[in-house]
Amino acid sequence: MTRNGLTFTALALAALCGPLAPPVAAQTPRSYTAVPLGSVTSALGINDAGQVVGQARATAWPNNSYACFWQNGVLTDLGAGVASGINNFGQMVGNNSQPHAMLWKNGMATDLGTLPGGRWSYAYGINDAGQVVGQSERLDPQGNLTVRAFLWDSATGMHDLGTLGGTYSCAYAINSVGQVVGVAADANGISYPFRWTPSAANATTGTMVALGTLSGTAKDINDSGEVVGGTGPMVRASSTYVWEPVRWDSSGGAHPLAKLPGRDAGLASAINNAGEVAGNCSYEVSYVDPEGFLYYYENYTAIVWDSDGTVIDLNALLPSGYSLTSANGINNSGQVAAGSTSAGFLLTPSIVPAPQNLVATAGALQVSLSWQPVSTATGYRVCRSTTSGGSYARIATVTGTSYSDVAVTVGTFYYYVVTAVNSQGQESGYSNQAGAAPYSPPLAAPTNLSAIAGKKQVSLKWTQSSTSGVTQNRIYRATTNGGPYSLRATLSVGTSYTDSSVTTGITYYYVVTALKSG
């Protein structure tokens, strides 16, 4: 179907999807198992079998990198260049170092050539029918070199998909019925996201229309005709072009996608038939080097949007150190082809249910946790944060359904979640969040208090039941047996006190308490 290779049962071209749900606040997140892809530096496409294509780091001259195919831990070198898309038959597209659009099929590499008069071409997407889309240089009838979106099939070769009136277009993805999306310029040179619809399913003739009136780009399309990409672009101080993430329904209606807190830009790169979207969010960072020069760079975070628009930070679901910057493909199982600045990963959603009914109970110098068991779990991971909603740090792994956290500070409120892990190492999403603040254990009261009457004084003595941490004693006095008592004195730790503020003939009643810091 698309750049990420998804293909499903063909749907009628006129099929419409219902209105998209508006973005909502983040819910309890799912969990992923992350598999590093060896020397893969860019994971760009994924199919339903979890096969990934992209670019890998070469270890020998003359090539610095090569197009690659990854499956079950085995990495295949496809030659110099990059692989950008894969379908469910394992057919892959990309480009060689010339660069020319390439098709890798059944172990054979085919150069797809260029549009007439062109010197270069790139292929980005392939569907299960074997149709390929991308962009190519071409010579127009007036002898000018232009760049055009193309559609290639094995029977008729490469076809120019046209533009929106300008001289530039590029196709990024194609679905199972042959709908194509990308970016194209109008007569004023302004680029718009487009959807090209064939005259019949998988035909090579069709009509290109702009998606809305905002400039932008369309990156992927699913079999329902839903499209994702971005509008803008915004221009940063660093001259970086960034986007607002957008999802278009099958009738062309635009629906902005929520961004992570603190991020003001993003791009939706891939969509599956369940309506789940992969992409990134970003914000601009500035810094001054030791010599006083001001620099800017864009900080990217890989994310997934659920079908209801919920935005999920993939880095928040993984152990620290991954620092994923992009999610470039998502298949029908929700597996994601993602990457950091220098490494590629396959993320697989967990199938383990999350623990339920987590309860946190405050205790003396501890917080006690309990939760319901998960039948498929062999263990549980306890995570903690001092901020509601995380980010959470793992503090323990246990086999039972309870845990006492004693590495706490009195007066601090702690928030907990628990995940379940099965025998294959797959981890569930988070349980409900529960929280509590530990308190200091009560001090034992002083004992053996005695009061001895003297001349205009009363002498008190007692036994300190616990001296551990005790910093003060308070003496209370009343003229009625049982009180109420009023504070008479506070003194450093001791076992005696003389009350000289007394009146002869009056009976006084005393109690003593112990205190410690905090």
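The values are calculated or read from the model by the stated rules, or taken from the named source; none is laboratory data. Please read all numbers here as calculations on a predicted model, not as lab measurements. Here the Cβ positions follow ideal geometry from the backbone for every residue, glycine too, while neighbour counts run over all protein chains shown. SASA here: full protein model, heavy atoms, side chains in, ligands and nucleic acids out. Shrake-Rupley method; radii C 1.70, N 1.55, O 1.52, S 1.80 Å.
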When residues of the stretch 373-395 are filtered for being in a loop (DSSP other than H, G, I, E, B), surrounded by 14 or more Cβ atoms within 10 Å (Cβ to Cβ) and polar (S, T, N, Q), how many remain? 1
Can you pull out the residues in the stretch 420-457 that are out of contact with any Pro (no Cβ under 7 Å at 6 or more places or on another chain), surrounded by 14 or more Cβ atoms within 10 Å (Cβ to Cβ) and among the hydroxyl-bearing types (S, T, Y)? Y439
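So that you can scan it fast, the table gives a plain yes or no per residue for (1) surrounded by fewer than 21 Cβ atoms within 10 Å (Cβ to Cβ); (2) at pLDDT 95 or above; (3) not small (G, A, S); (4) not in a strand (DSSP E or B):
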{"position": "T197", "(1), (2), (3), (4)": "yes, yes, yes, no"}
{"position": "A200", "(1), (2), (3), (4)": "yes, yes, no, yes"}
{"position": "A203", "(1), (2), (3), (4)": "yes, yes, no, yes"}
{"position": "G212", "(1), (2), (3), (4)": "yes, no, no, yes"}
{"position": "D220", "(1), (2), (3), (4)": "no, yes, yes, no"}
{"position": "G225", "(1), (2), (3), (4)": "no, yes, no, yes"}
{"position": "V228", "(1), (2), (3), (4)": "no, yes, yes, no"}
{"position": "M234", "(1), (2), (3), (4)": "yes, no, yes, no"}
{"position": "S238", "(1), (2), (3), (4)": "yes, no, no, yes"}
Filtering the stretch 294-329 down to residues that are more than 10 Å from the chain's Cα centre (by Cα) and among the aromatic types (F, W, Y), which residue is least open to solvent (accessible area, probe 1.4 Å)? Y322
State whether one or more residues within the stretch 397-410 are open to solvent by 30 Å² or more (accessible area, probe 1.4 Å), among the aromatic types (F, W, Y) and in a loop (DSSP other than H, G, I, E, B). no
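Yes or no, residue by residue, for (1) β-branched (V, I, T); (2) loosely packed, with under 14 Cβ neighbours inside 10 Å; (3) modelled with pLDDT of 90 or more:
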| site | (1), (2), (3) |
| --- | --- |
| T2 | yes, no, no |
| T7 | yes, no, no |
| A12 | no, yes, no |
| A25 | no, yes, no |
| Q51 | no, no, yes |
| N63 | no, no, no |
| G79 | no, no, yes |
Single residue of the stretch 270-282 satisfying the filter (within 15 Å of the chain's Cα centre (by Cα) and open to solvent by 10 Å² or more (accessible area, probe 1.4 Å)) that is farthest from T341 (Cα to Cα): E276
Restricting to the stretch 92-108, give me the number of residues that are within 23 Å of D48 (Cβ to Cβ) and either touching a Leu at 6+ places or on another chain (Cβ under 7 Å) or not polar (S, T, N, Q) (or both). 9
Looking only at the stretch 116-140, which residues are under 18 Å from A185 (Cα atoms) and more than 39 Å from the chain's Cα centre (by Cα)? R138, L139, D140
Report every pair of residues separated by at least 6 positions or lying on different chains whose Cβ atoms are under 6 Å apart, first residue within the stretch 458-487 and under 18 Å from S517 (Cβ atoms) and open to solvent by 50 Å² or more (accessible area, probe 1.4 Å), second charged (D, E, K, R) and not in a loop (DSSP other than H, G, I, E, B). T471/K516
Kindly check whether there is at least one residue in the stretch 347-362 that is loosely packed, with under 13 Cβ neighbours inside 10 Å and either among the hydrophobic types (A, V, I, L, M, F, W, C) or within 30 Å of I46 (Cβ to Cβ) (or both). no
Has the stretch 95-105 got any residue that is modelled with pLDDT of 95 or more, within 30 Å of V311 (Cβ to Cβ) and open to solvent by 30 Å² or more (accessible area, probe 1.4 Å)? no
